[in-house]
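S.K.: Quick one: structure below, then a few questions.
The values are calculated or read from the model by the stated rules, or taken from the named source; none is laboratory data. What you see is a predicted model, and the numbers here were worked out from it, not measured in a lab. With ideal geometry, Cβ positions are generated from the backbone for all residues, glycine too; neighbour counts draw on all protein chains shown. Please note that ligands, DNA and RNA were not included when accessible areas were found on the heavy atoms of the full protein model with its side chains. Shrake-Rupley method; radii C 1.70, N 1.55, O 1.52, S 1.80 Å.
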Amino acid sequence: AAQSGGKVKARETEPEPFSDEEDRVVAAGLTPAPTNGPDPIYFGVIGHNTVDDNIAIPFLAPERDALLEYELVRLISQLDDPAPPKVAVISSLLAYQRDPSEPGAAFVLREARRAFDIEIVPPDFRALPAGTDVLMMIHPGPLDEWQQYVLDQFMVHKGRALIALDPVSRVSMTQPGQQAIPASSLGRLGDMLGVSIGPDTVADRALALPVNVDAGGGRKAIVGQPLFPAAPPALMSKTDVVTADLSRPINFGAPGHLIAKPPAGATFTTLVETTAQAALIASSIAMSDPTPRAVLEAYASSETPQILAGRLSGELRSSFTLPPSAPPQPDPVLAELERQEMAKVPPFVSRSTDPAEIIFVADADAFDDGFYVNPQNNTAISDNAAFILNSLDNLGGDEA
């Protein structure tokens, strides 16, 4: 309030038990702290703007003190611009090609629509939806030159993206009615960003998720599958707001590992990693749905942690010098429609107009419901969704 020149006003209140003021703060979203006595303690923040929007920080937990400045600035930013950020989704996975309101849409899309404007981008796109704040790319299919140019220009104009790539996507190989796309890449866009995914999959016997295997004689046994590492909070960044407050593991399914050579003017930081016991397993083995024993037979520790998720921050330079020519389209009507769509792409720029913030994940299966959602009650059993939603929230917010 002191720094805002009168634009932010702070008022302290102490609600008496069973008073109208207590009813007001509870209705606004504040959560009482448990005490030994009969009276609850409220220690939160309720933000208002001039058009009666309300946002609450339910409780200022002491263990979250490092995030307090971020949360206060985030609250002020959201009150200043209450419109939900627009997230454009590009994916070859069926669950991410469906509108969040449709049956079969991914759990995280259904959760995200509460706070974001979600728009699914068709595979033959010629421009991104107008007003896109964040690009969410989950195991994209092959991109033609114009599509790579569209994404290149989004990165230098806006530079906010959550990108998941995979050397072996188990989900893609098992989804019905579509040609499988086992591996994904970004083409020349990856060269521009300086981040790529290695060709091998990552296994970590120290983090192996339990799976059912055939023990012979019709019996089943539960054994850890090293190809399915569950990275605990201890292996996540404690300084990045996306991961600092996560309390459960993130489950991965035959992930890859990120290789970062950031361009001049940009930096790369690790968000989630494996233990040093991790091994690189050939993609051909991972693609054959191997048993845990088969994985261990091919196991040779790399003696170094492998990066499963990271953040690229800073200035980017376009990989194009001019816009590419329009792809040939023999039908004149379709050609005109395509030309109109291509005209929606912003004018060419060669370098970032604002610093980019891009979060990479070396696995598409981590985004699939089957790896973290309990089908019996449709609740998350690990922090995959929390990580994704935190990423979208952080990327879609004000740069401050």
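S.K.: Given the whole protein assembly as supplied and a 1.4 Å probe, what does the accessible area of D65 come to in Å², nearest 10?
M.R.: D65 has an accessible surface of roughly 110 Å² with all protein chains in place.
S.K.: If K261, K7 are ordered by their accessible area, calculated over protein heavy atoms with a 1.4 Å probe, which sequence runs from highest to lowest?
M.R.: Per-residue accessible area, sorted high to low, gives K7, K261.
S.K.: From the helices alone, meaning DSSP H stretches of at least four residues, give me the mean residue ellipticity at 222 nm for the chain, per-run term -39500 (n - 2.57), in deg cm²/dmol to the nearest 500.
M.R.: -6000 deg cm²/dmol
S.K.: Summarise the accessible area of the stretch 123-179 (1.4 Å probe, protein heavy atoms) by the percent that is carbon and sulfur.
M.R.: Carbon plus sulfur share of accessible area: 52 percent.
S.K.: Please check: in the Gaussian network model of the chain (C-alpha springs, under 10 Å), which one of S247, S91, S288 has the largest mean-square fluctuation.
M.R.: Between S247, S91, S288, it is S288 that shows the largest mean-square fluctuation.
S.K.: Let me ask something additional. With +1 on each Lys and Arg Cβ and -1 on each Asp and Glu Cβ, how big is the dipole of the chain about its Cα centre, in debye rounded to the nearest 20?
M.R.: Result for the chain is approximately 1000 debye, rounded to the nearest 20.
S.K.: Show which aspartates and glutamates lie in cross-link reach of K220 when reach means a straight Cα distance below 20 angstrom and same-chain residues fewer than eight apart are skipped.
M.R.: Of all the aspartates and glutamates, those that pass the test against K220 - Cα under 20 Å, at least 8 places apart if same chain - are D289.
S.K.: Here is a follow-up. Report, to the nearest whole %, how much of the accessible area of the stretch 243-400 belongs to carbon and sulfur atoms, 1.4 Å probe, protein only.
M.R.: After summing per-atom areas, the C and S share lands at 54 percent.
S.K.: With Cα extents along the principal axes in Å defined as stated, name the option among [x] 70, 59, 42; [y] 56, 54, 53; [z] 66, 65, 42 computed from the structure displayed.
M.R.: [z]
S.K.: Moving to a separate point now. What lysines sit close enough to K158 to cross-link, taking a C-alpha to C-alpha distance under 26 Å and skipping anything fewer than 8 places away on the same chain?
M.R.: Answer for K158, where 26 Å is the Cα cut-off: K86, K261, K344, listed by chain and number.
S.K.: Farthest toward the dipole's positive end in the stretch 162-252, which of V168, V211, L186, given Cβ charges of +1 (Lys, Arg) and -1 (Asp, Glu) about the Cα centre?
M.R.: V211
S.K.: Give me the Debye-computed log₁₀ of I(q)/I(0) at q = 0.23, 0.29 Å⁻¹ for the stretch 340-396, equal point scatterers on Cα only, no solvent, two decimals.
M.R.: -0.96, -1.18
S.K.: May I pose another question? For the stretch 57-118, give the percent of accessible area contributed by carbon and sulfur heavy atoms, probe 1.4 Å, rounded to a whole number.
M.R.: That fraction is 53 percent.
S.K.: How far apart, in nanometres, would the label points at T174 and R64 be if each is projected 7 angstrom from Cα along the Cα-to-Cβ direction?
M.R.: That separation, rounded to one decimal, is 3.5 nm.
S.K.: Separate question: Please give the contour-minus-distance gain from A56 to A234: 0.36 nm per residue of separation, less the Cα-Cα distance, rounded to one decimal in nm.
M.R.: 61.2 nm
S.K.: Suppose we keep just the DSSP beta bridges with both residues in the chain; what percent of those would be antiparallel, to 5?
M.R.: Antiparallel bridges: around 70 percent, rounded to the nearest 5.
S.K.: Pick from V272, V171, V51: which residue has the top mean-square fluctuation in a GNM of the chain where Cα pairs under 10 Å get a spring?
M.R.: Result: V51 has the largest fluctuation of those listed.
S.K.: Taking only protein heavy atoms and a 1.4 Å probe, what accessible area per residue, in Å², does the chain have with all protein chains in place?
M.R.: Roughly 50 Å² per residue, with all protein chains present.
S.K.: With N set to the number of residues, divide the alpha-carbon radius of gyration of the stretch 33-178 by 2.2 N^0.38 Å and report two decimals.
M.R.: Here the answer is 1.37, to two decimals.
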